[in-house]
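The values are calculated or read from the model by the stated rules, or taken from the named source; none is laboratory data. Because the structure is a prediction, the values reported are computed rather than measured. As a convention, Cβ positions derive from the backbone with ideal geometry for all residues, glycine included, and neighbour counts pool all protein chains shown. For accessibility, only protein heavy atoms count, side chains too; no ligands or nucleic acids. Shrake-Rupley method; radii C 1.70, N 1.55, O 1.52, S 1.80 Å.
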Amino acid sequence: MEPESGVPNRRNPSQLCWVNLSRTLILAYQSLGVVYGDLSTSPLYVYTSTFVDKLETHRSEDAIFGAFSLIFWTLTLLPLLKYIFIVLNADDNGEGGTFALYSLLCRHAKFSLLPNQQAADEELSAYKYGPSASVAAPSPLKRFLEKHKKLRTALLLVVLFGACMVIGDGVLTPAISVLSAVSGLKVTENKLTDDELLLIACVILVGLFALQHFGTHRVAFMFAPIVIIWLISIFIIGVYNTIRWNPRIIQAISPYYIIKFFSETGKDGWISLGGILLSITGMLVPDPHDLFATVHLAFACVIYPCLVVQYMGQAAFLSKHLDSFQYSFYDSIPDRVFWPVFVIATLAAIVGSQAVITATFSIVKQCHALGCFPRVKVVHTSKHIYGQIYIPEINWILMILTLAITIGFRDTTLIGNAYGLTCMTVMFITTFLMALVIMFIWQKSVVVAAVFLLFFWIIEGVYLSAAFMKVPQGGWVPIVLSCVFMIVMFVWHYGTRKKYNYDLHNKVSLKWLLGLGPSLGIVRVPGIGLIYSELATGVPAIFSHFVTNLPAFHQVLVFVCVKSVPVPYVSPEERFLIGRVCPRPYRMYRCIVRYGYKDIQRDDGDFENQLIQSIAEFIQMEAVEPQFSSSETSSLDGRMAVISTRTVQSTASLVVSEVEEFDLSIQSSKSSTLQSLRSAYESENPQVRRRQVRFQLPPNPGMDPAVRAELVDLIQAKDAGVAYIMGHSYVKARRSSSFLKKLVIDIGYSFLRKNCRGPSVALNIPHISLIEVGMIYYV
């Protein structure tokens, strides 16, 4: 958390050191529940999924030793070596995941397909990463990828497919985790039927998804103790089983047993890798919301040793009980502690599901920020920890799909086949993106990137090929789910890009604006008009539609563009870009509001005041600094300036005062209809009328008369009222378009636009101040 402005930080270095250490330990504690809950519950079903099918005829001590050796080296090479020591070092300002790697690549190469990036975006403090700030010769491969749009589109499709697989993982993880946990009731004396177990699992799943609105922060603190108890339990049980049943299992750490395993099992052993890979499910590049040091600490010191010991103990038990594979985990538990461990296992399964559901929310938010997912309601669930979100629509869709999978399959083996294919596909894609990061961001040689890519692709390719063999036995589920989500994402991105390109190629010309004069050929009435557009430069075509259809327009016009930039967060000091459109007498400005892909657009009710203060600061800055006076020339847009909201609050451009408002506007209104509308709105929103911010010019005799006049016009316009103006757009394909394009635009994209959140709702625009003008886009 950043200290508040003006409050000095009086802590000495030793105190700061302890504060940072305690903060890291607390985050590591949370990460046990939120990040590693899924991975820690894998012992519930790994051996069952491995030996239940093809290896039924190979159930021997050597096969079990070989299976444990495979699990040990898989855990060591992929989660520990690849993710913890390599991939997590490529975090994007503390954020991880497929889209974090993609955003890094987009910042260091021209891979983005939306041409709304500006040079000012590269000056963001979060934009700079790694050694790329130094002057380096661009690689031929980088130039080749930037030059060919089809390759950049293919890269985006790969990233989207990985994101869709993570969303599919959010469906499969709760199903397999909860079903595996409650299956322990089958090994008790009072065995329950399959239908009764299914009913219990469905009740738990409904309760799990109902808990999501409390937020990751609360759930993490609530469930992290459960995961700690669970890890301690499986560690102790693993040690107990190893010592009691077969201490020789320690020898299976040697890779020799892997060679012996495949020599005995052959093709059946290769297919069984689909069960072995379940031991690393949940390692889909964690998204811990903060420093990755916490993730390193939690995995290397706690998760990894506990899992290795548990798998070792379970293998030792199975080597002496060759008929206990169906419920291997619960059969290996001593009778005296069965029920406590069963309760903890069920709760730990809920934790594992929570971890993936949280990651799904984050992925959907990132997809939306990059223009690849329809607008949805995003709720920020923590006031203290940024980036923790809840998406109601996605939550209930995941719940319905999870219940459908659970009721439809009723078998953890079939769900495990789908689950393994999902996780290995994401790992395969992550390895590819990481190789690009090594070349383009870390600026290592192609040889280093190729060695990394080939080494891990060979390992993951073997597992992936085994997982694809399970497609007929449940593996088709993630493919179908990913294709559905992929179609939704690509249709939305395609329609958004076509609409943006239409605006880009049909901008209002400078000659037309200058020909209208400062009055724009219509009556300019008091007030401020905020015209929302997706264009970061130029005047959108819809503005000419406004001018030709409205008899009057506001005295001050501000073109507002709310856009996402390929960084996780944009600090408040860098959020606003202010510039001028046309010469000073036109009173037309531009404001670009920048958000990162993890930022939440909060409705704090202070946007108007911050905007007015930022414009006033820009007017003053323009008069003092000559480089911003280019707006008086023939250019359409003047130079943009970063206006810090904290700097604005500390300067004296305007005097800000807060006064109480007592319905004076209602009493002074002569229209009874307006009075009733106003009173109804204020009764529903009492916080709106409690305080009102008023601006005044400070006494400054040396101020330029032109600057003073412009500031006076701005203050008077603010006092007269602010209107939000948006285009109610309809996007249609041209008549000459192909059938496929008409299908995508006229049916697919139109359906998504009609059924997602409206732009005014997503931007927190007050409905009573909204003006919409219809316009048809033929793309």
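Some observations on this one:
- Residue match in the stretch 526-548 (condition: at pLDDT 85 or above and acidic (Asp, Glu)): yes
- Of everything listed in (1) open to solvent by 10 Å² or more (accessible area, probe 1.4 Å); (2) among the charged types (D, E, K, R); (3) not in a helix (DSSP H, G or I), the single unmet condition for Arg580 is (1).
- On inspection, Leu743 qualifies as assigned to a helix (DSSP H, G or I), open to solvent by 30 Å² or more (accessible area, probe 1.4 Å) and either at pLDDT 90 or above or within 24 Å of Cys561 (Cβ to Cβ) (or both).
- Ile441 being closer than 27 Å to Arg497 by Cβ, of a type in the set (Val, Ile, Thr) and crowded, with 19+ Cβ neighbours inside 10 Å: yes
- Test: residue in the stretch 492-500 that is open to solvent by 20 Å² or more (accessible area, probe 1.4 Å) and under 19 Å from Phe607 (Cα atoms): no
- Restricting attention to the stretch 505-533, the residues being in a helix (DSSP H, G or I) and surrounded by fewer than 18 Cβ atoms within 10 Å (Cβ to Cβ) number 7.
- Residues located in the stretch 342-358, provided they are modelled with pLDDT of 85 or more and open to solvent by 10 Å² or more (accessible area, probe 1.4 Å): Phe342, Val343, Ile344, Thr346, Leu347
- Among residues of the stretch 485-501 that are part of a helix (DSSP H, G or I), those with a beta-carbon under 9 Å from a residue that is open to solvent by 20 Å² or more (accessible area, probe 1.4 Å) and among the acidic types (Asp, Glu) at least six positions away or on a different chain give the pairs Thr496/Glu534; Lys499/Glu534; Tyr500/Glu534.
- Criterion applied to Tyr569, Tyr532 was being under 28 Å from Gln366 (Cα atoms), more than 23 Å from the chain's Cα centre (by Cα) and touching a residue at least 60 places away in the same chain (Cβ under 8 Å), and the one residue passing it is Tyr532.
- Residue in the stretch 296-310 that is more than 14 Å from Ser233 (Cβ to Cβ), open to solvent by 50 Å² or more (accessible area, probe 1.4 Å) and in contact with a Phe, Trp or Tyr (Cβ under 7 Å, 6 or more places away or on another chain) present: no
- Index of the failed condition, Thr188 passing every other in (1) among the hydroxyl-bearing types (Ser, Thr, Tyr); (2) surrounded by 16 or more Cβ atoms within 10 Å (Cβ to Cβ); (3) over 23 Å from Ile479 (Cβ atoms): (2)
- So Thr425, is it under 19 Å from Leu157 (Cβ atoms), touching a residue at least 60 places away in the same chain (Cβ under 8 Å) and either among the small types (Gly, Ala, Ser) or open to solvent by less than 10 Å² (accessible area, probe 1.4 Å) (or both): no
- Pair list, Cβ under 6 Å, 6 or more apart: the stretch 575-602 residue farther than 22 Å from Ser362 by Cβ, other residue crowded, with 20+ Cβ neighbours inside 10 Å and hydroxyl-bearing (Ser, Thr, Tyr): Phe576/Ser614; Ile578/Ser614; Arg580/Tyr589; Arg580/Ser631
Yes/no matrix, rows are residues, columns are (1) in contact with a strand residue (DSSP E or B) (Cβ under 7 Å, 6 or more places away or on another chain); (2) at pLDDT below 90; (3) open to solvent by 20 Å² or more (accessible area, probe 1.4 Å):
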residue: Ile26; (1), (2), (3): no, yes, yes
residue: Leu32; (1), (2), (3): no, yes, no
residue: Ser40; (1), (2), (3): no, yes, no
residue: Asp53; (1), (2), (3): no, yes, yes
residue: His58; (1), (2), (3): no, yes, yes
residue: Phe65; (1), (2), (3): no, no, no
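- Scanning the stretch 534-554 for residues that are in a strand (DSSP E or B) and not aromatic (Phe, Trp, Tyr) turns up Ala552, His554.
- Among residues of the stretch 555-576, those that are part of a strand (DSSP E or B) and surrounded by 23 or more Cβ atoms within 10 Å (Cβ to Cβ), counted: 6
- Output for the stretch 748-779, where each listed residue is without any contact (Cβ under 8 Å) to a residue 12 or more places away in the chain and in contact with a helix residue (DSSP H, G or I) (Cβ under 8 Å, 6 or more places away or on another chain): His767
- Any pair with Cβ under 6 angstrom, 6 or more apart, that starts in the stretch 349-371 at a residue that is touching a residue at least 24 places away in the same chain (Cβ under 8 Å) and under 27 Å from Leu105 (Cβ atoms) and ends at one that is among the acidic types (Asp, Glu) and not in a helix (DSSP H, G or I): Ala359/Asp287; Ser362/Asp287
- Meets criteria (among the aliphatic types (A, V, I, L, M) and surrounded by fewer than 24 Cβ atoms within 10 Å (Cβ to Cβ)) for Leu403: yes
- Among the residues making up the stretch 359-380, those that are under 18 Å from Met165 (Cα atoms), part of a helix (DSSP H, G or I) and either in contact with a His (Cβ under 7 Å, 6 or more places away or on another chain) or open to solvent by 10 Å² or more (accessible area, probe 1.4 Å) (or both) are Ala359, Ile363, Lys365, His368.
- Within the stretch 82-98, the only residue that satisfies the criterion of being within 20 Å of His368 (Cα to Cα) and modelled with pLDDT of 80 or more is Thr98.
- The stretch 722-734, subset closer than 16 Å to Ser750 by Cβ and not aromatic (Phe, Trp, Tyr), residue most open to solvent (accessible area, probe 1.4 Å): Arg734
- The stretch 727-744: number of residues that are within 25 Å of Ser544 (Cα to Cα) and either out of contact with any helix residue (DSSP H, G or I) (no Cβ under 6 Å at 6 or more places or on another chain) or without any contact (Cβ under 8 Å) to a residue 60 or more places away in the chain (or both): 7
- Looking across the stretch 302-327, the residues that are assigned to a helix (DSSP H, G or I) and modelled with pLDDT under 90 come down to Val302, Ile303.
- Within the stretch 584-604, tally of residues that are open to solvent by less than 30 Å² (accessible area, probe 1.4 Å), out of contact with any Pro (no Cβ under 6 Å at 6 or more places or on another chain) and under 19 Å from Ile615 (Cα atoms): 7
- Answer from Tyr419, Tyr330, Tyr390 - the residue that is hydroxyl-bearing (Ser, Thr, Tyr), within 20 Å of the chain's Cα centre (by Cα) and either open to solvent by 10 Å² or more (accessible area, probe 1.4 Å) or over 30 Å from Arg497 (Cβ atoms) (or both): Tyr390
- Restricting Leu155, Leu172, Leu192, Leu145 to those that are free of Cβ contacts under 8 Å to residues at least 24 places away in the same chain, out of contact with any His (no Cβ under 8 Å at 6 or more places or on another chain) and not β-branched (Val, Ile, Thr) reduces the list to Leu192.
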